[in-house]
Amino acid sequence: MKESMLRTIEAIIALSATYMAAVTMVQTTLYGKLLDKVSNYFGPSLDPYLSYISIGIIFGVLFLSFTFWRKGDEIWFGRLFNLNMLMFFPAVLDFSTFNWVGLIFDLTPIPGVSGLWVFGVGLLLQVTYLSLRYTVRFRYTREELEGRGANEEDIDAVTRGQVGYVMLLVTLTIVATSIVYVSIPYITQFSADWLSTLPAPHMLVGLFVVVLIAATLIYYLRSQED
């Protein structure tokens, strides 16, 4: 597999993820609330053009996504992931069991998409970032092998093997995450019955989650140093 093919795959993955995140965002309650405020500020004359605002935003973020892809390194792909997650965040709020945004704004979640849709887009964003991080490293490997004088056929063979590994990793990630998604209602029911017997369950669960996140972050940072 040649580098041009890798770059094409990166472009397809990046633009597809950004498009899905943007389409999801414009169907969320928070986005609709902000659009209503814009409409109220400019008056009824803007109402016929509100749909064009959404289309313009989608094209705008797609252009940003294309620009980030053109940069082609891990830093810019990280920024692409942040952009997609920022657009995806309002959809998470729509399905959050604790409407903390509603404490600040008069906001009653009325999702325009289903929970399964949000799960699918969220999984797509994670898989996108995972894939792009690895394809960048594949291109670095190709450059290193070329610098050592390896021939083109051997380099392409190495890249094919690396792509096969990532496809396996992505498949396992999708399967594992899907199993967790399907299992959540049963886990929630079991946990609720067990936690109800503990004193101050919210504090205990919160403490456990904070410790778990801290431990995971420390492990990740140390792994990057090795």
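Would you mind finding the one in Val182, Val166, Val175, Val118 that is closer than 18 Å to Ile9 by Cβ, assigned to a helix (DSSP H, G or I), among the β-branched types (Val, Ile, Thr) and at pLDDT 85 or above? Step through it out loud before you land on a result.
Working: Val182 fails: closer than 18 Å to Ile9 by Cβ; Val175 fails: closer than 18 Å to Ile9 by Cβ; Val118 fails: closer than 18 Å to Ile9 by Cβ.
Going through Val182, Val166, Val175, Val118 in turn, just one is closer than 18 Å to Ile9 by Cβ, assigned to a helix (DSSP H, G or I), among the β-branched types (Val, Ile, Thr) and at pLDDT 85 or above: Val166.
Quick one: which of Val61, Val26, Val113, Val92 is closer than 16 Å to Thr128 by Cβ, in contact (Cβ under 8 Å) with a residue 24 or more places away in the chain and either aliphatic (A, V, I, L, M) or open to solvent by less than 70 Å² (accessible area, probe 1.4 Å) (or both)?
Val61
Sort out which residues of the stretch 1-32 are over 30 Å from Thr141 (Cα atoms) and touching an Asp or Glu at 6+ places or on another chain (Cβ under 8 Å), and write them in order of number.
Passing the criteria: Thr28, Thr29, Leu30.
Could you tell me whether Leu124 is open to solvent by less than 40 Å² (accessible area, probe 1.4 Å), within 18 Å of Thr173 (Cβ to Cβ) and in a helix (DSSP H, G or I)?
no
May I ask you to verify whether Phe59 is over 16 Å from Gly112 (Cβ atoms) and more than 16 Å from the chain's Cα centre (by Cα)?
Considered against the rule, which asks whether it is over 16 Å from Gly112 (Cβ atoms) and more than 16 Å from the chain's Cα centre (by Cα), Phe59 comes out as yes.
Restricting attention to the stretch 63-70, does a residue exist that is within 25 Å of Val113 (Cβ to Cβ), in contact with a Phe, Trp or Tyr (Cβ under 9 Å, 6 or more places away or on another chain) and part of a helix (DSSP H, G or I)?
Yes, there is a match, as at least one residue in the stretch 63-70 is within 25 Å of Val113 (Cβ to Cβ), in contact with a Phe, Trp or Tyr (Cβ under 9 Å, 6 or more places away or on another chain) and part of a helix (DSSP H, G or I).
The values are calculated or read from the model by the stated rules, or taken from the named source; none is laboratory data. Here the structure is a predicted model, which is why all the values come from computation and not from measurement. Note that each Cβ is placed from the backbone with ideal geometry, even for glycine, and that neighbours are counted across all protein chains shown. Note: accessible area is taken over every heavy atom of the protein model, side chains too, but ligands, DNA and RNA are not part of it. Shrake-Rupley method; radii C 1.70, N 1.55, O 1.52, S 1.80 Å.
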